[in-house]
Every structure is written in C-alpha cells, then in structure tokens.
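The values are calculated or read from the model by the stated rules, or taken from the named source; none is laboratory data. Note that the structure is a prediction, hence the values are computed from the model and not measured. Note: ideal-geometry Cβ built from the backbone for every residue, glycine included; neighbour counts use all protein chains shown.
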Amino acid sequence: MLDELIRKTIREMVGGSGPPVAFLVPKGDRGLFGPESIAWKVHADFISMMIGGISSLVLQALHPQALAGVWDHSTFREDLKGRLGRTAFFIAATTYGPTEMANNVITKVNHIHTKITGLDEFGKPYAATDPHLLAWVHLTETRSFMNAYEVYRKETITPKEKDQYFLEMKSLGERMGATDLPSTYADTESAIKAYIPELYFGERAKSIVDLLESFPSKLAAKPFIKLITRAAFLNLPGWVYPLIGKATPTYLERLAVKKSIDLIAILVREALKDGVAAHSLRRVYG
C-alpha cells in the first residue's frame, strides 16, 4: 500500500503509468549503452535523477537563448509535470530502451528542434539546432545528474567511472547536434563556467525559478515534491547563488536535506525497484 502511494506521488510529479513493458522487447537488445555502462548505473536512481533534472532546468533558464526556445515554443509554464515527464521518458528511452526506441526518440526530438526558432528577450535570433545551445543543455544536465548521484546515492563511484559517464553521454549529446563536448567531469565543469558571461537572470528566468520553487502539486504530494525541489536548488554550482539572488546554502542546511532525502530514498527505491532499469535488464539477459 505504501509502495503504491509513493508511485502515485511520483506520477503526480512526472506523469507516467503502469509497468514499462515496452522495455522488455526485443529480447537481447542492449540499446545504445548496455547494462555495463555507467549511464545505466547513474540513471537508475530516480531520486537523484529528479534532483538533477530540476537543477538542470534552473541552469538552462539562465541562458536567454536556451530559455527563449522553451518560452516561445512549449507549454512549460502551464504544464511543468508534462515537461518533466517528457524529459524523463527521453532519458529512459535513450539510456535503457531497445535500439529502435532510442533511435526513434532521438530522431523525433531532433525534428522538433528544427522548428524552434525566434528572438530571445534581447532581440537576438536563436535556433534550437544551434550546437552551442544544445551543448549548454547537455552540459548542465550531465553535470547535474552526476552531482546529485554523488551526493544522494550512497553507492560510491570511482573517478574513472565518473569520467566514463561523461564520455558515454558525449556520444548521445553529439547525436542531438551538440559539438565540442568534453569527455570528463573536470572538463564539463570548465565548459559550463565558460558560458557564465552569456547568462542572465531577468524576469523570464526569475519566473521559471519561482515556478520550480512552487512546483504545482496535490496536497498529499507536496512534502515529497518540496523536499526534492529544495535538494535540486542545493545541487546547483556555487557560483549560481549570487547570480539568482539567493544565499549560498550552509553546511547544516545541506546536511538536513541530505538526511531527509536519505530517509525517503529508502522507500522510493524499494517502490521503484521493478522499474525501467529492471525491465531492461530482463530484456537483455532474459
């Protein structure tokens, strides 16, 4: 009963329904990465992926041109759950899906990007196919996922495995149209910092941050969602806080949130143990 309540709360946050049976076939299909990859290991943890996903949205909102594409061409502000759900499915399909599913979702998103053009809030032209903007999205997502995994998942990851993750994800980012992507964690951090002069925290970005901080949800789901969202803001790089007008989190604040996440993560991981990753393992190994 508790497991079902947790699953219902998670569906309230990102949508989705029922067992992911589409990931069970065809038998033996390893997909783009395979079970031995670090991507399979990192992306299997729902808690840290949600934390990383929300913090990456904050970072992406700070780039006027990246934000303009979402602002002008999506229902993000009216349907936050839908946006998170679509992102979650893309990650699941490209990480764990059979090869055809992964290729299809990549083709679909790339096609959608060809239609997303316009002017940002400064009147500067943008296009969602711009490799520079695609790289920003890729960098902020991979950095956010890895950082959340290291903080909130007790299973340790070696420096070699950490770099392997960025090398694996580089191959996906390149298929999405990004170029000059780094292959290591350290180079990813450096690449992100190189974008700082382009970032801007104006009214548009502020509205996105406000929306994420007051994530729309039903009453029963509010405590869980509020905790995940708070953890997501703690997952940002230190240089972001002055930019968005927030105090740098204290050690005690980080510790309190981590302890709370550690407690709830036990229940969430148990409730989701037969999720996409488990179904995909059965597809590969039978």
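As a summary of the residue check, residue 178 satisfies the conditions (1) at pLDDT 95 or above; (2) part of a helix (DSSP H, G or I); (3) within 20 Å of the chain's Cα centre (by Cα); (4) crowded, with 16+ Cβ neighbours inside 10 Å except for the one numbered (2). For the range 147-169, a tally of residues being surrounded by fewer than 22 Cβ atoms within 10 Å (Cβ to Cβ), within 24 Å of residue 106 (Cβ to Cβ) and in contact (Cβ under 8 Å) with a residue 24 or more places away in the chain returns 2.
Only one of the numbered conditions (1) in contact with a Gly (Cβ under 8 Å, 6 or more places away or on another chain); (2) surrounded by 18 or more Cβ atoms within 10 Å (Cβ to Cβ) is violated by residue 248, and that is (2). Give me the pairs, please: first residue somewhere in the range 73-86 and at negative phi and surrounded by 14 or more Cβ atoms within 10 Å (Cβ to Cβ), second residue anywhere and among the aliphatic types (A, V, I, L, M) and assigned to a helix (DSSP H, G or I), beta-carbon distance under 6 Å, and either six or more positions apart or on two chains. Taking only residues 6 or more apart or on different chains, the pairs are 76/70; 84/14; 85/14.
Scanning the range 10-29 for residues that are at pLDDT 90 or above, surrounded by 11 or more Cβ atoms within 10 Å (Cβ to Cβ) and assigned to a loop (DSSP other than H, G, I, E, B) yields 25, 27, 29.
Of all residues in the range 215-244, count the ones that are part of a loop (DSSP other than H, G, I, E, B) and either within 16 Å of residue 55 (Cβ to Cβ) or modelled with pLDDT of 95 or more (or both).
Start the filter on the range 215-244 by keeping residues that are part of a loop (DSSP other than H, G, I, E, B), which leaves 215-218, 235-239, 244.
Filter again for either within 16 Å of residue 55 (Cβ to Cβ) or modelled with pLDDT of 95 or more (or both), leaving 215, 235-239, 244.
Residues flagged as part of a loop (DSSP other than H, G, I, E, B) and either within 16 Å of residue 55 (Cβ to Cβ) or modelled with pLDDT of 95 or more (or both) within the range 215-244 amount to 7.
Do we find that residue 173 is of a type in the set (Gly, Ala, Ser) and in a helix (DSSP H, G or I) in this structure? When the stated conditions are applied, residue 173 passes them.
Residues that are more than 25 Å from residue 43 (Cβ to Cβ), in contact (Cβ under 8 Å) with a residue 60 or more places away in the chain and either charged (D, E, K, R) or assigned to a loop (DSSP other than H, G, I, E, B) (or both) within the range 123-144 comprise 124, 130, listed in sequence order. Is there a residue in the range 32-39 that is on the phi > 0 side of the Ramachandran plot, at pLDDT 95 or above and surrounded by fewer than 16 Cβ atoms within 10 Å (Cβ to Cβ)? Within the range 32-39, one or more residues are on the phi > 0 side of the Ramachandran plot, at pLDDT 95 or above and surrounded by fewer than 16 Cβ atoms within 10 Å (Cβ to Cβ).
Within the range 262-276, residues that are closer than 15 Å to residue 50 by Cβ have Cβ atoms under 7 Å from residues that are surrounded by fewer than 13 Cβ atoms within 10 Å (Cβ to Cβ) in these pairs: 267/2, counting only partners at least 6 apart in sequence or on another chain. Going by what's in this entry, would residue 194 be described as within 30 Å of residue 113 (Cα to Cα), of a type in the set (Gly, Ala, Ser) and surrounded by 19 or more Cβ atoms within 10 Å (Cβ to Cβ)? No, not satisfied. In the range 117-133, of all residues being hydrophobic (A, V, I, L, M, F, W, C) and more than 23 Å from residue 170 (Cα to Cα), the one that is surrounded by the most Cβ atoms within 10 Å (Cβ to Cβ) corresponds to 119. Taking the conditions (1) under 25 Å from residue 264 (Cβ atoms); (2) more than 18 Å from the chain's Cα centre (by Cα); (3) of a type in the set (S, T, N, Q) in turn, residue 235 satisfies each one other than (2).
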